[in-house]
Amino acid sequence: MESEKRNHWEKVYNTKKTNEVSWTQEKPETSLNFIRSFNLPKTAAIIDIGGGDSKLVDFLLEEGYENISVLDISEQAIERAKERLGTKADLVTWIVSDITEFKPVQKYDAWHDRATFHFLTSPEQINQYFDIAGNSVTGYLAIGTFSDKGPDKCSGLAIKKYSEEQLTQQFEKGFEKIRCLTEDHITPFNTIQNFSFCSFKRKLF
């Protein structure tokens, strides 16, 4: 199953250019605004889950963040990002892993995920994700998924849609909601995908 998933994403990144995949953003403004709102020092440990060849890392580097990690199941996606960044790629920790198999070796001040969590459709996968995030995040989460008004599939795969309430409920055991918003993402093909995006702060026990 895991190798099937990996093969699916390797094929996507091997056969499609950046402007040929629906999730492409020239500037991930919402993600950046959530991360800025956390008021973290530039030395804060930030990880982008399912970052692929997203340009979020480019803008975080530009803003002076020094401790960025990018995780993706697709090695090809990460190679594309490295190639784009050139020598700046050396400033980033790159992790090739399925999120449900990720074994963090450090703690993170901020965990960002735009459109990885919604690919986890079974309770077991969702629990694995929560356990990994819960054990490694000391500060903040920013999670974006297709909303309850969004598409039923992404990249040919079934996804799990979330309203603001449902997304909050998934993380309330270990995290306190800060704020949520819904937004329309316009794809490169001029179609609309409606997203739920929420930020959370780690609860202190």
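Every number in this text was worked out from the coordinates using simple rules, so none of it is lab data. Note that the coordinates shown come from a computational prediction; the quantities given were computed from them, not determined experimentally. When we count neighbours, we look across all protein chains shown, and the Cβ atoms used for this are built from the backbone with ideal geometry, even at glycine.
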Linear extension gain, Glu83 paired with Lys103, 0.36 nm per residue minus alpha-carbon span:
4.6 nm
Pairwise FRET efficiency - Glu66 versus Ala158, Cβ, R0 = 41 Å, nearest 0.05
0.60
What full-extension length gain, to one decimal in nm, is calculated for Lys42 and Lys203 as 0.36 nm per residue of separation minus the Cα-Cα distance?
55.7 nm
So which of Lys82/Lys153; Lys42/Lys107; Lys88/Lys177; Lys88/Lys201; Lys103/Lys153 end up more than 26 Å apart, counting from Cα to Cα?
Lys82/Lys153; Lys88/Lys177; Lys88/Lys201; Lys103/Lys153
Based on DSSP, what percent of beta bridges with both residues in the range 97-205 are antiparallel, to the nearest 5?
75
Can you compute the FRET efficiency between Lys173 and Glu29 using 1/(1 + (r/R0)^6), with r the Cβ-Cβ distance and R0 = 25 Å? Round to the nearest 0.05.
0.25
Residues other than Lys149 with Cβ under 12 Å of its Cβ, Lys/Arg counted +1 and Asp/Glu -1, net out at -4
